[in-house]
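Some notes on the structure that comes next.
Computed from the coordinates by the stated procedures, all read-outs in this text should not be read as laboratory data. This structure is a prediction, so every number in the text was calculated from the model and none was measured. Here the Cβ positions follow ideal geometry from the backbone for every residue, glycine too, while neighbour counts run over all protein chains shown.
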Amino acid sequence: MRTLLKIRLLNILCIALAGVLVAGTAQAEVAKVRVSRQFGLPYLPMIVIEAQHLLEKNAKALGVDVEAEWTQRAGPAADLDALLAGQADFIGPGIPTLATVWDKTIGTPQEVRALIAMQSMPYVLVTRNPAIKTIADFTDKDKIALPAVKLTGHAIALEMESAKIWGPEHYNKLDSITITRSHADAAAALMSNQSEIDAHFASAPFYYYELATSGIHQVLKSYDTLGAKHTNGVLLTAKKFHDANPKLCAAVVAAFEEADAFIKAHPREAGQIYLNVTKDKIALDALEKMVADPDVEYTTTPINVMKVVDFMHEVGRIKKKPASWKDMFFPEAYGLNGS
């Protein structure tokens with residue numbers, strides 16, 4: 001495993017160094033890298049990287065001494081604001097955020113792309129309303145909580161399913177009953193049964209908590225909407241930062257691949273690290289099952305990115321249509337079997 005990681009690290013470094021040679025004189029790389037994450041199991045690789053100091057270790061192997069600064073923000077909008085304001089160097093939102101910011105910044109000094117994917121995980125729509133069996137049963141009296149309306153994978157998956165049921169022209173039929181809430185707040189509201197929120201399009205581990213609560217059931221899984229597994233989160237950075245820090249970017253990729261390998265080989269230990277950092281009140285046995293769930297794959301490979309992006313272009317959510325997923329990623333990902 002270590003040999004494969006070293007080979008992958010060398011390949012990434014060669015790509016990065018080639019970029020420096022083309023660009024001209026190499027610049028000194030940053031001494032501190034700022035990484036922002038949100039809440040939940042999609043960010044388990046980041047949590048493992050932080051706990052095991054994998055970013056610093058892999059950077060040092062490439063001759064770069066760097067300090068990693070980790071911040072947690074509630075929601076993709078806050079993450080994106082931090083990146084664009086220069087307050088974060090890497091963030092990990094979903095595909096729609098990538099497509100949106102790529103569409104608005106491509107070819108500008110503020111250009112943003114993805115370095116790698118972070119995982120493939122479903123979004124699961126749950127409700128406490130017994131009358132709702134499919135999304136066609138929602139009415140104006142219901143409220144569906146999302147991490148951000150219109151911007152997140154959860155929101156786009158709901159629109160894609162709406163287009164299937166009511167036709168492409170009615171893709172946004174349920175947008176009016178969606179509201180922005182963090183996953184933690186949405187889950188607490190739903191499980192309390194004392195809120196206007198009676199449905200939540202959730203990420204792990206929150207839908208596990210909700211489905212274990214009496215009276216709450218599943219309505220939709222995003223894997224069913226897309227017809228296959230799909231990337232949940234991607235690691236974004238600014239092109240200016242990427243081009244100025246090729247060794248660091250290589251180290252970031254290597255750190256994620258090392259963390260992914262650790263999670264796959266040691267789901268229980270990875271779960272314990274998650275609990276140590278998040279202080280979540282959940283039994284380790286239950287968390288281990290979540291981490292090892294067949295629906296979950298911690299991988300740097302982009303999966304079915306274009307299904308989401310093509311839909312966003314078709315409905316006018318983005319103006320530019322990338323020819324392939326590679327248009328929205330940096331060269332470090334080009335050797336992956338993405339889609």
>> Under the 0.36 nm per residue contour assumption, what length would be gained going from the current alpha-carbon distance of residue 72 and residue 136 to full extension?
In response: 19.5 nm
>> Given bins 20 angstrom wide, list per bin the percent of all Cα-Cα distances in the chain, short to long.
In response: 32, 57, 11, 0
> Given H placed 1.01 Å from N in the peptide plane, which residues other than close sequence neighbours of residue 149 have an amide H under 5 Å from its amide H?
Replying inline: 180
>> Suppose only helical runs count, i.e. DSSP H with n ≥ 4. What mean residue ellipticity at 222 nm does that imply for the chain under -39500 (n - 2.57) per run, divided by all residues and rounded to the nearest 500 deg cm²/dmol?
In response: -13500 deg cm²/dmol
>> Which trypsin sites (Lys or Arg not before Pro) in region 308-338 sit in a loop by DSSP (not H, G, I, E or B) and have at most 16 other Cβ atoms within 10 Å of their own Cβ?
In response: 319, 320
> Dividing the Cα radius of gyration by the Kirkwood radius, what Rg/Rh value follows for region 58-154?
Replying inline: 1.09
>> Can you give me the distance in nm between label points at residue 175 and residue 264, each placed 7 Å from the Cα along the Cα-to-Cβ direction?
In response: 3.9
>> On a 24 Å Cα-Cα criterion, which of the cross-link pairs 57/289; 104/150; 32/60; 133/229; 229/321 come out too long?
In response: 57/289
>> What do you get for trypsin sites (Lys or Arg not before Pro) in region 73-148 restricted to DSSP loop and a cutoff of at most 13 other Cβ within 10 Å of the site's Cβ?
In response: 133, 141
>> Among the complete DSSP H segments of the chain, which ones combine at least 30 Å of alpha-carbon extent along their axis with a mean Kyte-Doolittle hydropathy of -0.5 or more?
In response: 2-23
>> To check you understand DSSP bridge types, tell me what percent of the beta bridges within the chain (both residues inside) are antiparallel, rounded to 5.
In response: 55
> So, with +1 on the Cβ of K and R and -1 on the Cβ of D and E, and no other charges, what is the size of the charge dipole of region 124-226 about its Cα centre, to the nearest 20 debye?
Replying inline: 100
> With a sphere of radius 12 Å drawn around the Cβ of residue 321, what net charge do the other residues whose Cβ falls strictly inside it have (Lys, Arg +1; Asp, Glu -1)?
Replying inline: -1
> Assuming R0 = 25 Å, what is the FRET efficiency of residue 286 and residue 192, from their Cβ-Cβ distance, to the nearest 0.05?
Replying inline: 0.75
>> Out of all DSSP beta bridges in region 124-226, what portion is antiparallel? Express it as a percent rounded to 5.
In response: 60
>> Please report the projected area of region 124-226's Cα convex hull averaged over all directions, in nm².
In response: 5.7
> If we sort 276-288, 244-256, 54-66 on the protection proxy, mean other Cβ atoms within 10 Å, highest first, what's the order?
Replying inline: 244-256, 54-66, 276-288
> How much net charge surrounds residue 160 when only other residues with a Cβ under 11 Å from its Cβ are counted (Lys, Arg +1; Asp, Glu -1)?
Replying inline: -3
